[in-house]
Each structure stands twice: as structure tokens, then as C-alpha cells.
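These notes concern the structure reproduced below.
The values are calculated or read from the model by the stated rules, or taken from the named source; none is laboratory data. Since the model is a prediction, treat every value here as computed from it, not as a measurement. Note that we place each Cβ from the backbone using ideal geometry, even for glycine, and neighbour counts take in every protein chain shown.
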Amino acid sequence: MEIRTADGRHVNTLPRSYGDGGPTVRNPATLLPALAHKPNAWGESPLRGELPDGLAAHLDALDPRARRRELTMLHRASLASGFGNAVRAMTAIAEDGRTPDEASLLALARRIAQSDPPDPDDGPSNGSTR
């Protein structure tokens, strides 16, 4: 199933769920661009409750401009290395007390992706979207 914007731009492709009562198909990484665009929506986002507590607390403490920057970096790392790997990388950086920068986040997410078997929920790790 392909999701597109009103002007026809590709947003995401998800597997189709057949039958009644099938599983909810979702990709949390698809929320990141919208949250980066509206960083004050972070507190109400379903994604907030799914992230590790340390990363959620780190993002909670940021002002909207810094939150926008870090959510954008998380999205880029997700596209490059998979959502779970990007979250693990940003969590490690934030819990170490450092401010994530894009180069460090991308490099760490890539290293995590190379050392762990891929998680099917992570999405593609080749830089494309589903």
C-alpha cells in the first residue's frame, strides 16, 4: 500500500493487511518529518511513548528549535540505517550526556546496523523509503 501526499509526493509504502482484524501496520519513522516540522507536537506524539525513557527525556528537555534539529537528524539516520538503529544510536549519544551531531549519529547508527542483524520493523537500511 503506497501513501502519497495530496500533490502526489511519495510518503511511504507499507505492507497491506488482509482480512478483518488484521494487525495495524505502521512505521514510526514516518512520524519524524511531521514532528520535526511541528516540534511542539512532540509531547502528544505516539512516538514519544515508544522511545527509550532516556531519549524521550532528552528530547523533552530541548527547546523547539533544538528538538526540530534532532528529530530531523533522527529521521535522516533512520533512512540511512533503519529506525531502530538510529534510535539506539541517538539514545547512546544522549545518555552519554553529549549533544548529538549529524555526523556522529549517522556513523554510530551505521556501525550498529552493521553489527546487528536487521530488525524487520526497522525498514530498509539502504537509504530508501518503504
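Take region 81-109 and flag every residue that is of a type in the set (Gly, Ala, Ser), closer than 21 Å to Ala61 by Cα and assigned to a helix (DSSP H, G or I).
Ala86, Ala89, Ala92, Ala94, Ser104
For first residues located in region 31-53 and in contact (Cβ under 8 Å) with a residue 60 or more places away in the chain, partners that are outside any loop (DSSP other than H, G, I, E, B) and surrounded by 13 or more Cβ atoms within 10 Å (Cβ to Cβ) and lie 6+ apart or on another chain with Cβ distances below 7 Å do not occur. Scanning region 54-63 for residues that are touching a residue at least 12 places away in the same chain (Cβ under 8 Å) and out of contact with any Phe, Trp or Tyr (no Cβ under 9 Å at 6 or more places or on another chain) yields Gly54, Leu55, His58.
Quick check: anything in region 64-80 more than 25 Å from Arg9 (Cα to Cα), touching a Phe, Trp or Tyr at 6+ places or on another chain (Cβ under 7 Å) and part of a helix (DSSP H, G or I)?
Start the filter on region 64-80 by keeping residues that are more than 25 Å from Arg9 (Cα to Cα), which leaves 64-67.
Now restrict to residues that are touching a Phe, Trp or Tyr at 6+ places or on another chain (Cβ under 7 Å): 67.
If we keep only those that are part of a helix (DSSP H, G or I) as well, we get 67.
There is at least one residue in region 64-80 that is more than 25 Å from Arg9 (Cα to Cα), touching a Phe, Trp or Tyr at 6+ places or on another chain (Cβ under 7 Å) and part of a helix (DSSP H, G or I).
Residue count for region 29-71, restricted to those that are touching a Pro at 6+ places or on another chain (Cβ under 8 Å) and buried (at least 18 other Cβ atoms within 10 Å of the Cβ): 7. When Ala77, Ala94 are checked against the criterion of being under 22 Å from Pro39 (Cβ atoms), buried (at least 18 other Cβ atoms within 10 Å of the Cβ) and in contact (Cβ under 8 Å) with a residue 40 or more places away in the chain, a single residue qualifies: Ala94. Taken over region 26-44, the residue count meeting the criterion of being among the basic types (Lys, Arg) and at pLDDT 90 or above is 1.
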